[in-house]
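What follows is a single structure, written as structure tokens, with notes after it.
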Amino acid sequence: MDEDARRRFERRVPAHAVGVVAEAEALYSAGGEALNLSDGGACLALQTGDFSVGDEVILRLSFARPAHPVTATGRVVWIGRARGRPRYGIEWTHQGPQRRWIGWLVRV
């Protein structure tokens, strides 16, 4: 089965840049951007490669609107590298209202 057939959620590339600050217990923080978002998680390109699969992370996502960051929690489920930058697959771990905000903001 190919990767697209296994996906449960449609990935969306944000219409505007989405800045990200990721924090984990093992590493204070790392900045970067969300390359795509879905109802199930995100693909992040961060400036550091210090996170590990299984790390729980707190994310602050900065969208073009609203002006304040949206906070979400997730778990690192895969790690890759592209164009010299680490990429991380994040699975959301909380069902709070920020999940609806993220889905709506990606479509705007």
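Here are the numbers for the structure shown:
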{"item": "Members of the range 14-46 found to be over 11 Å from Tyr88 (Cα atoms) and either touching a Gly at 6+ places or on another chain (Cβ under 6 Å) or in a loop (DSSP other than H, G, I, E, B) (or both), listed by number", "result": "Pro14, Ala15, His16, Ala17, Val18, Val20, Val21, Glu25, Ala26, Ser38, Asp39, Gly40"}
{"item": "Subset of the range 16-45 that is modelled with pLDDT of 90 or more and of a type in the set (Asp, Glu) - its residue that is farthest from Ala82 (Cα to Cα)", "result": "Glu23"}
{"item": "Count - residues of the range 84-96 that are within 12 Å of the chain's Cα centre (by Cα) and more than 16 Å from Val20 (Cα to Cα)", "result": "1"}
{"item": "Residue within the range 16-31 that is among the aromatic types (Phe, Trp, Tyr) and surrounded by 13 or more Cβ atoms within 10 Å (Cβ to Cβ) present", "result": "no"}
{"item": "Qualifying residue in the range 71-83 (condition: surrounded by 16 or more Cβ atoms within 10 Å (Cβ to Cβ), modelled with pLDDT under 95 and more than 10 Å from the chain's Cα centre (by Cα))", "result": "no"}
{"item": "Residue match in the range 47-70 (condition: of a type in the set (Asp, Glu), at pLDDT below 90 and either outside any loop (DSSP other than H, G, I, E, B) or touching a strand residue (DSSP E or B) at 6+ places or on another chain (Cβ under 8 Å) (or both))", "result": "yes"}
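The values are calculated or read from the model by the stated rules, or taken from the named source; none is laboratory data. This structure is a prediction, so every number in the text was calculated from the model and none was measured. Quick reminder, even Gly has a Cβ in these numbers, built from the backbone with ideal geometry, and neighbours come from all protein chains shown.
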